[in-house]
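All remarks here apply to the structure that follows.
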């Protein structure tokens, strides 16, 4: 992806996952981190060819261009600015118009011309990596412009219908009157944003790209939730009104000024936000009448070509849909066999499927769906992360400065949100990383999966990876904030395995939970490709999960519905993990006693997100350097 598409993807990612931040560390801590990062760069950076002439000036100019291209994209996206903690355009929303998309394409083509004008041979090794990634991203953006409408911008996983509220609540900080005024301006400008959103939905409908029928009850309910309660109707404060009131009350300003701000926000909610949502809901109801129950992208014009392209972008490999399907089947069989070993350890006498039913239905594996049960879950998930933090030096040389907190998904979106996700710190370090656990349905959050889930979303998972990438010195921002799903999610799944290798998962049921989560990702390879290439129905996909995993049926329903609206995305986890494990085992075999797991992890993380093909180059050069 190019920078403009990465920004769009990052905003979507933010709407799915959201954001956070935290106070910077002391200057001595900063200095120590810089030393570590410098050391890491030497470990991870490919060795230079001594005979090749490089120019410090050429590299500096190239890096300056990379920064300009990235920031150009950021400053064209007010929502991404807020996501990063930049306040320049915080009174605006993104421009979703077709005219803007065409304008962005022209900018991308111009930027590619600038990149191609660089003499790559004059660049140092780290800048060559940036050059390669930037060039490939810009080229892919141009190639993929034909598929720009091949998505569902309003769906049960993410979208502007819930994303605007999520951004205002989680990312739009109010530290002074100007911030509050900008919040109010966004409320008043919502109608324009939603008009553009509806225009885009109409264009998709004309092209035969309409979300399946099951999507609409979710998104309509979520939209109605935003405009439920005061000041829209009787009852408790609505989500946005409660958020604005809470933030304004914390300001150290005159009471009269607070009253004025609250009055302006109240008026904006009633006169702008409510009609904007009502108009959107009205169109979604019409779209629901046109929708059918065909679930795969095979129904789109040239849907097969789109899906193949999508898989290549998501996995950063050339694997075909059929190859990915077969990898999934093979991994499901392997993990089932490992689970049978755990059945013997806990003296369970029965079939694997019977054990799945036992794990699914036994009350001892679930906390009660009460405030007390939810608090206990959050407390214990935090304890797992705190214990892992205490042992982090066993696995890593370089560590992020940003803190990590654990929170429950907010009530207004918990019904449709995923079961867990990570939101990265803000760019300025004023918000921490956040591991969100969705406690809406406690039967979908078994205790035996709690440990692996905390490692995946928190430490040593996404927080170690994403927060660290933002803090890396010596690489341009487009690499710090970039997204390669197979790399990011492959690391998350790999991070579930690593704690076992240092003696954690002492409870065999927790170890079963780890395997259950890996099994879940292996099944994703089967079901995602089944739906989009083999024309499986939603019901067939749900049945596959229920038969082959211990997860609740509600989990299976959510996952299959996720596959349908985010084609290919879920294949990245297992493909990425498999590659990282393969590269690690190859390094161990070649390096013997010289292999250091901490150095290997630095090689994987110290260059920011990259395609798996590039990661493989890094590891091979690391092996050669030893």
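Every read-out reported here was derived from the displayed coordinates using simple, explicitly stated rules and does not represent laboratory data. Everything numeric in this text was worked out from a predicted model, so none of it was measured. Neighbour counts run over all protein chains shown; Cβ positions are idealised from the backbone, glycine included.
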Quiz item: Rule-of-thumb check for the stretch 177-247: C-alpha Rg over 2.2 N^0.38 Å?
Solution: 1.41
Quiz prompt | Euclidean distance of C-alpha centroids, the stretch 369-401 and the stretch 190-208, integer Å | solution = 42
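Would you calculate, for the chain, the mean residue ellipticity at 222 nm contributed by helices, counting each DSSP H stretch of 4 or more residues as -39,500 (n - 2.57) and dividing by all residues, to the nearest 500? Before the final figure, lay out each step's value.
Working: 28 runs with 390 residues, N = 626.
The helix contribution divided over the chain gives -20000 deg cm²/dmol.
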Quiz item: Which one, [x] 173; [y] 247; [z] 156, gives volume of the Cα convex hull per residue in Å³ as derived from the coordinates shown?
Solution: [z]
Practice problem: Just check the stretch 79-130 against the gyration tensor rule for me: Cα atoms, a ≥ b ≥ c as the square roots of the eigenvalues, rounded for a/c under 1.5, and otherwise prolate or oblate depending on whether a/b exceeds b/c. | Solution: oblate
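Ordered by packing density, taken as the mean number of other Cβ atoms within 10 Å over each peptide's residues, highest first, how do 283-295, 411-423 rank? The partial results should precede the final answer.
Values: 283-295: 14.9, 411-423: 20.3.
Order by mean packing, descending: 411-423, 283-295.
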Quiz item: Is the shape of the stretch 447-569 best called rounded, prolate or oblate, per the rule: a/c under 1.5 gives rounded, else a/b larger than b/c gives prolate, else oblate, with a ≥ b ≥ c the square roots of the Cα gyration tensor eigenvalues?
Solution: oblate
Self-check item: Burial order of peptide ranges 371-378, 604-611 (average beta-carbon count within 10 Å, highest first)
Solution: 604-611, 371-378
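How much space per residue, in cubic angstrom, does the convex hull of the C-alpha atoms of the stretch 72-227 take up? The partial results should precede the final answer.
Details: hull volume 22.6 nm³, N = 156.
Each residue corresponds to 145 Å³ of Cα convex hull volume.
If contacts are Cα pairs under 8 angstrom and at least 6 residues apart, what is the relative contact order of the stretch 160-293 in percent?
Relative contact order for the stretch 160-293 comes out at 40 percent.
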Exercise. Measure of size requested: the Rg and Dmax of the stretch 363-506, with Cα atoms as the atom set and Å as the unit; please supply both.
Key: 15.4, 51
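When the convex hull of the C-alpha atoms of the stretch 160-293 is computed, what volume per residue in Å³ does it have?
Numbers: hull volume 13.5 nm³, N = 134.
Spelled out: Cα convex hull of the stretch 160-293, divided by residues, is 100 Å³.
Before anything else, pin down the relative contact order of the chain: Cα pairs under 8 Å, at least 6 apart, normalised by residue count, whole percent. List each step's numbers first, then the result.
Numbers: 963 pairs, mean separation 130.1, N = 626.
Value for the chain: 21 percent.
For the chain, what is the percent of antiparallel DSSP beta bridges, rounded to the nearest 5? It would help to have the intermediate numbers written out before the result.
On the way: 5 of 12 bridges.
Percentage antiparallel, nearest 5: 40.
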Exercise. Starting from 0 in steps of 5 Å, tell me what percent of the Cα-Cα pairs of the stretch 520-626 lands in each bin.
Key: 2, 11, 20, 16, 11, 9, 11, 11, 7, 2, 0
